[in-house]
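The values are calculated or read from the model by the stated rules, or taken from the named source; none is laboratory data. All of these numbers come straight from a predicted model, not from anything done at the bench. Note that we place each Cβ from the backbone using ideal geometry, even for glycine, and neighbour counts take in every protein chain shown.
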Amino acid sequence: MYSYDYLMNKIQAAFPEGNFLEVPIELYDPIEYALSQGGKRLRPLLVLLSCEMFGGNPDEAMNPAIGVEIFHNFTLLHDDIMDQAPLRRGAQTVYTKWNSNVAILSGDTMFVMAYEYVCRIAPPKLPDVLATFNDTARKVCEGQQYDMNFETQAKVNLDDYFMMIRLKTAVLIACCVKVGAIMAGADPRDAENIYNFGENLGMAFQLQDDLLDAFGDTSKFGKEIGGDIVTNKKTFLYLKAFELADGDTLEELTQLFQDKDVETDKKVLRIQKIYQSLGIDVITQEIIEEYLNKAILYLEQIDVDEVRKAGLRKFANEMIYREV
């Protein structure tokens, strides 16, 4: 078995500086910029960890692993335009460094590149891998549309929110571990269990992301803290706060999210305090733990030696108890 650190180093080595530069430079320079910003490379690592757990050769899963990472970064280029986000991983987003047209076209090219990498596998496994990837790509786009719908939709409940993050975030993480399982030749039952593991882990990951957006450290998180608050994004924290607030607290919460003239720093600080007074930070952490526990239950149902599960267990814990 390869170590966790060995597999992570293999992933990092797959994204060397200049590796994605082609011509015209105006198209590929933003792609190189986006992919060289680092990032945690969590998704490709998941592909390799899953493949390795099921007894496969991680080297044979490298191309689809690279593909899912390029696909993930493609979605970020477009998401940043839609969200008007100035920072990504502590640096300028592509559309702010260049412009929206460049970010759209470079993102489209990354989508094609992702397919090219995913398709570089042995023909017997290609249909199942492509079916999983295609289903995921469609769902991610559906999730993004729901996310945009919620910006103007008057009533959004927690079930709506969980449905949206499952599509936008969780299914890609589920796809990664299932692709790794397919590459290793896992049986369908185990492949389904590892998919469910990834989906629940993805739900926990997005909730943690929402929590860090409200209460994280900008220098560690790589994005402006309070960005979701400033843009009135209907996150779990937002929806739970409106569910629990009443009286003066509800009135102030409503006013802060409706008042377009309130100072940004003041708005973030006041809403943070309201969230804490309602225990929203604690409730969110509890829901994160629930999804993590569900993920581990699915992992335990997989019929492989417990020693081989160590990498994914470590990944799950580090992913959820992170500060970035």
- prompt: Out of all the residues in segment 75-98, is one or more on the phi > 0 side of the Ramachandran plot, assigned to a loop (DSSP other than H, G, I, E, B) and not charged (D, E, K, R)?
  reply: yes
- request: Filter segment 115-147 for residues that are closer than 15 Å to residue 79 by Cβ and aliphatic (A, V, I, L, M) and give the result.
  value: 137, 140
- request: Could you please let me know if residue 248 is farther than 24 Å from residue 295 by Cα, over 19 Å from the mean Cα position of the chain (by Cα) and of a type outside the set (Ser, Thr, Tyr)?
  value: yes
statement: Subset of segment 1-40, residues surrounded by fewer than 17 Cβ atoms within 10 Å (Cβ to Cβ) and charged (D, E, K, R), comes to 5, 17, 22, 26, 40
- request: Out of 110, 164, 183, report the one residue that is in contact with a Pro (Cβ under 8 Å, 6 or more places away or on another chain) and farther than 22 Å from residue 322 by Cα.
  value: 183
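Is it the case that residue 28 is of a type in the set (Phe, Trp, Tyr) and touching a Ser or Thr at 6+ places or on another chain (Cβ under 8 Å)? Reasoning before the result, please.
On the way: of a type in the set (Phe, Trp, Tyr): yes; touching a Ser or Thr at 6+ places or on another chain (Cβ under 8 Å): yes.
In short, yes.
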- prompt: Of all residues in segment 166-188 being of a type outside the set (Ser, Thr, Tyr), without any contact (Cβ under 8 Å) to a residue 60 or more places away in the chain and part of a helix (DSSP H, G or I), which is nearest to residue 76 (Cα to Cα)?
  reply: 168
task: Within segment 265-300, track down each residue that is more than 15 Å from residue 212 (Cβ to Cβ), within 26 Å of the chain's Cα centre (by Cα) and of a type in the set (Ser, Thr, Tyr).
output: 291, 298
message: So in segment 53-91, with the set limited to residues that are crowded, with 16+ Cβ neighbours inside 10 Å and polar (S, T, N, Q), which one is nearest to residue 32 (Cα to Cα)?
response: 73
query: For segment 43-86, what are the residues that are in contact (Cβ under 8 Å) with a residue 60 or more places away in the chain, of a type in the set (A, V, I, L, M, F, W, C) and closer than 25 Å to residue 226 by Cα?
result: 82, 85
field: Counted residues, segment 36-91 - those being farther than 18 Å from residue 170 by Cα and either modelled with pLDDT under 95 or in contact with a strand residue (DSSP E or B) (Cβ under 7 Å, 6 or more places away or on another chain) (or both)
entry: 14
- line: Going through (1) in contact with an Asp or Glu (Cβ under 6 Å, 6 or more places away or on another chain); (2) touching a residue at least 60 places away in the same chain (Cβ under 8 Å) one by one, residue 228 fails only at (2)
- prompt: Does segment 183-202 contain any residue that is within 24 Å of residue 40 (Cα to Cα), polar (S, T, N, Q), crowded, with 17+ Cβ neighbours inside 10 Å and under 19 Å from the mean Cα position of the chain (by Cα)?
  reply: yes
